[in-house]
Amino acid sequence: MGGCLYVVSGPSGAGKSTIIDRVRRRVKGLGFSVSHTTRRPRGAEQDGVEYHFVARGRFEEMIEQGAFVEWARVYEDYYGTSLEEIQSKTSQGLDVIMDLDIQGAAGIRSRIEESVLIFVLPPSRDALASRLRERGTDEPSVVEARMEKAAEEIAFCSRYDYLIVNERLEQAVEEVAAVILAERCRTARSLPGVVSRFPAAGAAQPLPRE
Ligand code: ADP
Ligand code: 5GP
C-alpha cells in the first residue's frame, strides 16, 4: 500500500485531534485519513475536513459495497475508514495518520501488519473530565458516557506500540512527531532507498536479538 499508517487512539478528550493537527504542521508528508461518520458535526466541524458526515443509510450502503477497510459502532454512531481515503493519500506518496477507536486500531493492524499504533492518555481522570467539559461541544450526559467509556478504552492501551501521556501539549506533539520520524528511519523501511544509492548496503543480514 506504499506509505506508512499511523493510528492514534485514546479516550475522547485525551487530545488526539489537537495533537494530530499540530503534528501534521510539523512533520512533512503526512496526510490525515478523513473518516466517514453518521454523527452530527460538532462546533465548527466541516464536512470533508474532520469527517465525511453521512446519513446512516449511506453508511450502510458503503458497508455493503465493501468500501471500508474498517468500521465500528462507537457510542450511538457508525465510524469508518474507507479504502479510497487511504489510497488517495498513499498514492500521493504520503504517510497517513488516523484517529480511530480501539476496534479500528485492531482492524487496521489485522489488515496492515506494519501499521504503527499510538495511544494517547490524559494525565489523570480529573484532567480528562475537565477537558471534555471545557471543550464545550458535548452535553453533560454525553460527557458522562465518554468518561465511562474512557476506562474501558484505557484497559487496551498495552496493545499499542507507543503510549503518549498528553500532560503538556507541546511535549506530546514532540513525542508523536519523534515516533513518526524514528519509524521512517527504520531499516526495513529505508533500506530499499539506501540500496538504490549504495548497492553494497543490502549485503548483510540483521543481527539477531538475543
Ligand atoms: P480528542 O480528539 O482526543 O477527543 P481534543 O483534541 O478535542 O481531544 O481535546 C480535548 C480538549 O482538551 C480540547 O479543548 C483541547 O484544546 C484540550 N487539550 C488538548 N490537549 C491538552 C493539554 N495538553 N492540556 C490542556 N488541554 C488540552
Ligand atoms: P468523536 O465523535 O469524538 O470525533 O470520535 C469518537 C470516537 O470514534 C473516537 O474514539 C475516534 O477515535 C473514533 N473514530 C473516529 N473515526 C473512526 C473510524 O473511522 N473508525 C473507527 N473505528 N473509529 C473512529
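Read-outs throughout are calculated quantities, based only on the coordinates presented, and are distinct from any laboratory measurement. All values reported here derive from a predicted model rather than from experimental measurement. Cβ sites come from the backbone with ideal geometry, for glycine too, and all protein chains shown count toward neighbours.
Put a plus charge on the Cβ of each Lys and Arg, a minus charge on the Cβ of each Asp and Glu, and nothing anywhere else: the dipole of the chain about its Cα centre is then about 680 debye. Every helix of 4 or more DSSP H residues in the chain counts as -39500 (n - 2.57), and over all residues that averages to -13500 deg cm²/dmol at 222 nm. Ranking 102, 179, 128 by Cα position along the charge dipole of the chain, where only Lys, Arg, Asp and Glu carry charges on their C-beta atoms, puts 179 farthest toward the positive end.
The trypsin sites (Lys or Arg not before Pro) of segment 27-59 meeting both criteria, a DSSP state outside H, G, I, E and B (loop) and at most 13 other C-beta atoms within 10 angstrom of the site's C-beta, are 28, 42.
Taking the 0 to 90 degree range and rounding to the nearest ten, how far is the long axis of helix 16-26 tilted relative to the main principal axis of the chain, both from C-alpha atoms? Result, in degrees: 40.
Nearest 10 degrees, 0 to 90: what angle lies between the long axis of helix 102-111 and the longest principal axis of the chain (Cα atoms)? Between the helix axis and the principal axis of the chain, the angle is about 30 degrees.
Cβ-to-Cβ counts within 10 Å put 89, 149 in ascending order as 149, 89, the fewest first.
Ranked by the mean number of other Cβ atoms within 10 Å of their residues, highest first, the peptides 43-54, 65-76, 187-198 come out as 65-76, 43-54, 187-198.
Annotation for segment 114-204: GluC sites (Glu not before Pro) lying in DSSP loop with at most 12 further Cβ atoms inside 10 Å of their Cβ are 114. Footprinting exposure proxy ranking of 169, 100, fewest other C-beta atoms within 10 angstrom first, gives 169, 100.
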